[in-house]
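As structure tokens, the structure follows; a few thoughts come after it.
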Amino acid sequence: MSHTIRRTGDPARQEEFAGRMVRVLNDSCLGYLCSLGHRTRLFDVMARLPPSTSEEIAGAAGLHERYVREWLGGVTVGGIVVYDPADRTYRLPPEHAASLCRDAGPDNLASFLQDLALIGLVEDEVVTAFRDGGGVPYSSYPRFQELQAEETARVYDAALVDAIIPLVPGLPERLASDAGLDVLDVGTGQGHAVNLLARAFPAGRFTGVDMSRSGIAAARDEAERLGLPNARFEVADAAGVTGGYDLVTAFDVIHDLARPAETLAAVAGALRDDGVFLMGDIAASSRLEENLGLPLGPALYTFSVFYCMTVSLGEGGAGLGTVWGRQTALRMLAEAGFGEVAVREVEGDILNVYYVARKGS
């Protein structure tokens, strides 16, 4: 078969694609090296150092030099670090550090690359699911919530109070009023968004719910550490939420759920008549052909296969997938009882859009 393809295909296009696959292999391996650079804080250390030897870098980072030297070799030939053979020194250009260091906040892409090792852990289970159906259970992802909390915290710290909440006209003022608002965050994870809002708006009453006991425990610990009596957290299924809330939020969670339609309906039922649902989710289309130019398109579909879709299917759920898209989101919001939905964006955020939804009359 391969010989037939080789004879009948366009040799120039074949060569071009083979070159691309070599780049894919190299860049995939660089992704793992960047994950190591983030987790060991080597990028953070190098950003503060002048051109330094591997011994000096290892000493500043508190790491073993032999590992650091081999890592430096990889990120050097990969074009991330610059090497001077005359004095055997390495430096991280500031233009590169701006995408690799913790100080970069939401622009730190090295943090995302930790997901590569995580999804690699479940490849065998995903292959089985391809053959047998079903999915991979949440329990197979030991670091998922930790990584998700780290990634979302960078966005929340930079933008939640000052950029995302103001997407709803008048909401900052209502939250800041003496009366405050009753707020619910579904799929809260480790609760950082709730705690940020509770700290910024002390008159409000904030609740976070999640099925993860470890996540809720972490959320409670942070609230206690920050001294936030107006933040509380419960282990609960988002599809079963009830009560009367002025604001319900859901950030990058609905597409992961086993019962997303039931959750959206429950959210609509839990909102007061003048309440608002603020849903952050992936900025994509439900039509594949409209996603061809997405900056993170391949990554989003990969995360869906290896986590978002398969975990939902593993619970016998809908399996919406990461790239469920705007059209499907708007349809499901309407079916849940939201008669007025506006789609908003935060400048500089290429990953998410925000749906501002109110119940129909």
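The values are calculated or read from the model by the stated rules, or taken from the named source; none is laboratory data. If you're wondering where the values come from, they're calculated on a predicted model, not measured in any experiment. Note that each Cβ is placed from the backbone with ideal geometry, even for glycine, and that neighbours are counted across all protein chains shown.
Here are the numbers for this structure:
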{"read-out": "Selection status of Pro85, in contact (Cβ under 8 Å) with a residue 24 or more places away in the chain and on the phi < 0 side of the Ramachandran plot", "value": "no"}
{"read-out": "Test: residue in segment 105-114 that is modelled with pLDDT of 95 or more and out of contact with any His (no Cβ under 6 Å at 6 or more places or on another chain)", "value": "no"}
{"read-out": "Top-ranked residue of segment 318-342 - restricted to ones that are surrounded by fewer than 19 Cβ atoms within 10 Å (Cβ to Cβ) and in contact with a helix residue (DSSP H, G or I) (Cβ under 8 Å, 6 or more places away or on another chain), ranked as nearest to Arg358 (Cα to Cα)", "value": "Val341"}
{"read-out": "Of all residues in segment 201-217 being crowded, with 20+ Cβ neighbours inside 10 Å and more than 18 Å from Tyr245 (Cα to Cα), the one that is farthest from the chain's Cα centre (by Cα)", "value": "Ile216"}
{"read-out": "Residue in segment 238-253 that is part of a helix (DSSP H, G or I), touching a residue at least 24 places away in the same chain (Cβ under 8 Å), in contact with a Phe, Trp or Tyr (Cβ under 8 Å, 6 or more places away or on another chain) and surrounded by 21 or more Cβ atoms within 10 Å (Cβ to Cβ) present", "value": "no"}
{"read-out": "Residue in segment 173-182 that is among the charged types (D, E, K, R), out of contact with any strand residue (DSSP E or B) (no Cβ under 7 Å at 6 or more places or on another chain), closer than 30 Å to Pro229 by Cβ and at pLDDT below 90 present", "value": "no"}
{"read-out": "Any pair with Cβ under 8 angstrom, 6 or more apart, that starts in segment 308-335 at a residue that is in contact (Cβ under 8 Å) with a residue 12 or more places away in the chain and ends at one that is of a type in the set (Lys, Arg)", "value": "Gly317/Arg259; Ala318/Arg259; Gly325/Arg287; Gln327/Arg287"}
{"read-out": "Matching entry among Leu294, Leu351, Leu300, Leu313 (being surrounded by 16 or more Cβ atoms within 10 Å (Cβ to Cβ) and more than 21 Å from Ser28 (Cα to Cα))", "value": "Leu313"}
{"read-out": "Some residue of segment 178-185 being surrounded by fewer than 23 Cβ atoms within 10 Å (Cβ to Cβ) and closer than 23 Å to Glu345 by Cβ", "value": "no"}
{"read-out": "Pairs, first basic (Lys, Arg) in segment 159-186, second surrounded by 17 or more Cβ atoms within 10 Å (Cβ to Cβ) and not in a helix (DSSP H, G or I), C-beta under 8 Å, six or more apart", "value": "Arg174/Leu181; Arg174/Asp246"}
{"read-out": "Residue ID - farthest from Tyr354 (Cα to Cα), chosen from residues in segment 165-200 that are under 25 Å from the mean Cα position of the chain (by Cα) and in a loop (DSSP other than H, G, I, E, B)", "value": "Gln190"}
